[in-house]
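To start, the structure itself, in structure tokens.
The values are calculated or read from the model by the stated rules, or taken from the named source; none is laboratory data. Please read all numbers here as calculations on a predicted model, not as lab measurements. Here the Cβ positions follow ideal geometry from the backbone for every residue, glycine too, while neighbour counts run over all protein chains shown. Just so you know, the surface numbers come from the protein's heavy atoms only, side chains and all, with ligands and any DNA or RNA stripped out. Shrake-Rupley method; radii C 1.70, N 1.55, O 1.52, S 1.80 Å.
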Amino acid sequence: MEDKKLIEEARAEVENIQKDVQTQLATFEESDNEENKRLLADAREKLQKLIADTSQWLKENTDREKIAENMTRLRDECIQLLTITKEKAIEVSKNEEFRATLHSGKEFIIGSGRLIASGVRAGADKLMENEKFASFVSKVNDKVEDIREDERVQEGAQRLRKGTMKLADRAYGGLKHFLNKDDEDK
């Protein structure tokens, strides 16, 4: 039963990766550019092959460690596909503004970040399966809660807050006095 759940989770992860990569590829689309359209069609074809190969592999394998390795490989290959496609999309771009947008890469970083985060999440889930590690994390979490609830810590945090506010008020007052002095000089 556990193997079945693992396979279902892996398949769901493959679907999420596919959606994330397709969304990312859509940001590389430049209208009225046939070379760009061919580039993206080729990238989508490569993505479909990666997904199909991984899906087929999942049907034949149930070893937890091998599945984790294969999912990491899929993420890495997808990030590599996105990186290469982005670079080529910049090269074939006919629109300077579009090229600058791709070059800045905000959307690319967000998309790649999702892929990396899903890999980290899968790794954390795998670590939590180890009873000793899960026990350790639980003990640390309990200790943090104890510290957070300690009256001395709460009092210290309150004093720090008050001190910070006094300092900010003084800095604001000094800045205000300085700016008013400049206005009076004019």
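Scanning the stretch 31-58 for residues that are assigned to a helix (DSSP H, G or I), charged (D, E, K, R) and in contact (Cβ under 8 Å) with a residue 40 or more places away in the chain yields one hit, E35.
For every residue, the table says whether it meets (1) at pLDDT below 70; (2) over 23 Å from the mean Cα position of the chain (by Cα).
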| position | (1), (2) |
| --- | --- |
| R99 | no, yes |
| H103 | yes, no |
| G123 | yes, no |
| M128 | yes, no |
| S135 | no, yes |
| V144 | yes, yes |
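When A68 is tested against (1) surrounded by 13 or more Cβ atoms within 10 Å (Cβ to Cβ); (2) in a helix (DSSP H, G or I); (3) more than 20 Å from the chain's Cα centre (by Cα), exactly one condition is not met: (3). When the residues of the stretch 16-48 are narrowed to those that are open to solvent by 100 Å² or more (accessible area, probe 1.4 Å) and either of a type in the set (D, E) or touching a Pro at 6+ places or on another chain (Cβ under 6 Å) (or both), which ends up farthest from S93 (Cα to Cα)? Among those residues, the one meeting the criterion is E45. Annotation note: Cβ proximity below 6 Å between a residue of the stretch 78-93 that is within 14 Å of K37 (Cβ to Cβ) and a residue that is at pLDDT 85 or above and surrounded by fewer than 19 Cβ atoms within 10 Å (Cβ to Cβ) (sequence gap 6+ or interchain) occurs for V92/E35.
Scanning the stretch 1-44 for residues that are under 28 Å from T101 (Cβ atoms) and among the basic types (K, R) gives K19, K37, R38, R44.
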